[in-house]
Amino acid sequence: MDYVNHWNSLYSSKKLEEVSWYQKIPQTSLDFIYNANLSKDDAIIDIGGGDSFLVDNLINAGFTNLTVLDISKFAIDRAKVRLGNNAKKVKWIVCDVRNFTSKKKYVLWHDRAVFHFMKNSRDIKEYYSALLSRIAESSTVVLGTFSENGPDRCCALDVCKYSINDLSLLFSKDFSLIKGENTLHKTPIGLTQAFTFVSLIKN
């Protein structure tokens with residue numbers, strides 16, 4: 001499947017407030033990031049950040065070393081326009097996370113709703129490899145996926161669903177669970193999606 005075209009088409013066919021993941025204030029993600037006790041200049045990367053408002057909130061909170069990665073150039077371009085001059089405070093990367101390479105090491109890796117699209121062992125292995133190669137020692141990973149009570153499909157794609165224990169076990173070789181939380185997200189059309197969030201620290 002051509003995932004680049006799929007996501008560009010999806011973003012271009014919907015307004016910012018119409019996408020199912022829209023959150024003006026992504027409070028759960030922000031709470032997990034703030035609880036990681038970072039310095040304001042620690043390197044943070046938002047995987048699949050697209051045109052979400054997480055980066056806006058992090059800029060407003062004073063964080064200065066921000067990167068947003070997304071497979072969709074359309075989404076990133078739209079975020080840059082929205083941010084205006086603040087877009088210069090962010091490093092933008094158009095890339096499939098499974099192919100992500102960089103010399104930079106990140107202190108916090110945030111992913112809300114990308115990992116659950118990794119549908120088979122190869123996808124998961126490539127994602128995991130990219131993650132391990134791009135994070136610093138004792139770094140924090142914040143993952144948000146559909147929970148076991150969440151939808152089976154999203155954006156015309158099948159997803160994997162995870163409990164807190166599922167994610168803890170899947171990453172247990174290299175990470176320890178700090179915190180897990182189940183949350184509900186209400187979409188712009190009023191549907192409710194059940195999410196699992198975990199915070200993991202590199203062993």
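The values are calculated or read from the model by the stated rules, or taken from the named source; none is laboratory data. Nothing here was measured: the structure is a model prediction, and the numbers come from that model. FYI the Cβ positions are ideal-geometry reconstructions off the backbone, even for glycines, and counts take in every protein chain you see.
Yes or no, residue by residue, for (1) in contact with a His (Cβ under 8 Å, 6 or more places away or on another chain); (2) surrounded by 14 or more Cβ atoms within 10 Å (Cβ to Cβ); (3) closer than 26 Å to TYR3 by Cα; (4) of a type in the set (Lys, Arg):
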residue: PRO151; (1), (2), (3), (4): no, yes, yes, no
residue: ASP158; (1), (2), (3), (4): no, no, yes, no
residue: SER168; (1), (2), (3), (4): no, yes, no, no
residue: LYS186; (1), (2), (3), (4): no, no, yes, yes
residue: ILE189; (1), (2), (3), (4): no, no, yes, no
residue: THR192; (1), (2), (3), (4): yes, no, yes, no
residue: PHE195; (1), (2), (3), (4): yes, yes, yes, no
Pick from the range 91-130 the residues that are aliphatic (A, V, I, L, M) and in a strand (DSSP E or B): which of them is surrounded by the most Cβ atoms within 10 Å (Cβ to Cβ)? LEU108
Log entry, pairs with first residue in the range 9-30 being under 20 Å from ASP46 (Cα atoms), second being at pLDDT 90 or above and of a type in the set (Phe, Trp, Tyr), beta carbons closer than 8 Å, six or more apart or on different chains, reads TYR11/PHE74; GLN23/PHE53; LYS24/PHE53; ILE25/PHE53; PRO26/PHE53; THR28/PHE195; THR28/PHE197; SER29/PHE197
Search the range 60-79 for residues that are within 13 Å of GLY49 (Cβ to Cβ) and pair each with any residue that is part of a loop (DSSP other than H, G, I, E, B) and acidic (Asp, Glu) when their beta-carbon atoms are under 6 Å apart and the residues are at least 6 apart or on different chains. ILE71/ASP96; ALA75/ASP51; ARG78/ASP51; ALA79/ASP51
Scanning the range 13-71 residue by residue, the ones that are within 11 Å of the chain's Cα centre (by Cα), of a type in the set (Ser, Thr, Tyr) and not in a loop (DSSP other than H, G, I, E, B) total 1
Candidate set: the range 100-123, residues that are within 19 Å of ASN65 (Cα to Cα) and of a type in the set (A, V, I, L, M, F, W, C); chosen: the one nearest to the chain's Cα centre (by Cα): TRP109
